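Shown next, in structure tokens, is the structure this report addresses.
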Amino acid sequence: MAAIALVLLVVGEIGGSRIRLSDDVVFGWARPTACAVRVDIDAASGVRGLVTTRAAQIGEVLLEVPLDKALADADAGADPLSGACGPWARHLPPHTQLALALIREWRLGDASAWAPYLASLPADGALCLPKDMSEHELAMAQDVRFEMEAESLFFAVHSALDEALDAIDGGGEDELRDADAVEAAAAHGRTGDETRWQGEPPSAAEFQWAMSLVWTRCLRLDVGPCGGVRRLLVPCVDMANHDAQPSAFFASAHGAGAAAVRLHAARALSVGDEVTLSYGEGSAEHWAQHYAFVPRKNPYDGMRLCAHELDAEVAQIAALAHGGAPPSAVPARGAPLAEPARPGAWAEPGACWQLRATGIDVTLFAALRAQLTPVRRDARGAPATDAAPVSYTHLRAHETDS
């Protein structure tokens, strides 16, 4: 079985959380100033997400959540935001800061100002990234490179925890004595005493859980001239699932009114349409490692190779070696390979090679590009310097049963 197919078994089929449907409590608590969405569960997949409650035109605001409802990282050169860790944590990476803020509020339970939001998040153990899996579970992927990447991410998280523990033990003590630092902490509702970490340091299990949530949910957003570019955990907005061609996009609002995070329609929408965001670009392996899902459709599981300049004989051999008939002449399973309809049909613009592979290996694509694209030479045998337009075929990776 292909690694990608096994990853589907390990981490789930598509983006989204397979947890209980959150009721209206979190929306009522967040008090969105604009709301044309609701939480729904897809009947086929059981995945939670957002859908529209009314028709919307491109650019319309679907959801607006006040910025003070978000958990944020700290920035020494910008205004403090609600939920950020104290000044002692400013030197830590943004994801580490968010993980610590999440652990701090989770420990407070119902006493936390973010309790309704925390109740909407997957509990410890409900979200399992490859970095948290056992060696036996990772071995199911039958892909050593996938296992090594998961192990690398595991150690990266624990390295971040070591750095956080150093800061908690007093790495930022000099900064805590600074009056400006204490004043900044008080500006978002915390006293001078609260500029230090309260209680026991986070455990490895707590930190792994928090980092998984941060990886899969945080936004990077410019929140305005006084706030700068920040990493945020935004209630309600983070319920939107991923799509490479999303139906919405997020942006900040920081005009005359209170600062907020908005979801805008990326195209015309009807009632009941799914509200999705693009989490970025990445291969199936990237989504599996960092987000615990594999998209059903992912345009980034391929690489474009130049066909116009390929030597005809080498390219024909390569095509045959990879299942090789042109798209118009692909035989049925088990049937003999058909010849092209006419010479050169495989190299026509728009032709598509189907590469069968056990995973998305960028080094393989690079090797193919180097081996199958000869250097063009002029009449004297020197490398050609002209850059005439070329056509491309799209090389895609597909799952295989062998």
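The values are calculated or read from the model by the stated rules, or taken from the named source; none is laboratory data. Predicted, not measured: the structure shown is a model, and the values here were computed from it. Here the Cβ is made from the backbone with ideal geometry for all residues, glycine too, and neighbour counts use every protein chain on show. Remember, those area values only see protein heavy atoms, side chains included, never the ligands or the DNA or RNA. Shrake-Rupley method; radii C 1.70, N 1.55, O 1.52, S 1.80 Å.
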ask   = On the given criteria, is residue 127 more than 20 Å from residue 87 (Cα to Cα), modelled with pLDDT under 90 and open to solvent by 40 Å² or more (accessible area, probe 1.4 Å)?
value = yes
remark   = Only unsatisfied item for residue 144, checking (1) open to solvent by 70 Å² or more (accessible area, probe 1.4 Å); (2) of a type in the set (Val, Ile, Thr); (3) touching a residue at least 12 places away in the same chain (Cβ under 8 Å), is (3)
task = For the range 78-90, indicate whether the set of residues that are open to solvent by less than 30 Å² (accessible area, probe 1.4 Å), touching a helix residue (DSSP H, G or I) at 6+ places or on another chain (Cβ under 7 Å) and in a strand (DSSP E or B) is non-empty.
result = no
Sole residue being of a type in the set (A, V, I, L, M), surrounded by fewer than 20 Cβ atoms within 10 Å (Cβ to Cβ), in contact with a Lys or Arg (Cβ under 8 Å, 6 or more places away or on another chain) and under 23 Å from residue 201 (Cα atoms), chosen from 153, 165 = 153
ask   = For residue 189, which of the numbered conditions (1) modelled with pLDDT under 90; (2) at negative phi fails to hold?
value = (2)
task = Answer yes or no as to whether residue 67 is within 27 Å of residue 293 (Cβ to Cβ) and either open to solvent by 40 Å² or more (accessible area, probe 1.4 Å) or not β-branched (Val, Ile, Thr) (or both).
result = no
request  = Considering only the range 216-256, give the strands (runs of 3 or more DSSP E) lying wholly within it that have at least 1 residues that are among the charged types (D, E, K, R) and crowded, with 23+ Cβ neighbours inside 10 Å.
outcome  = 229-233
query = (1) in a helix (DSSP H, G or I); (2) at pLDDT below 90: which one isn't true of residue 165, the others all being true?
reply = (2)
key: Given (1) open to solvent by 10 Å² or more (accessible area, probe 1.4 Å); (2) at pLDDT below 90, index of the condition residue 104 fails   = (2)
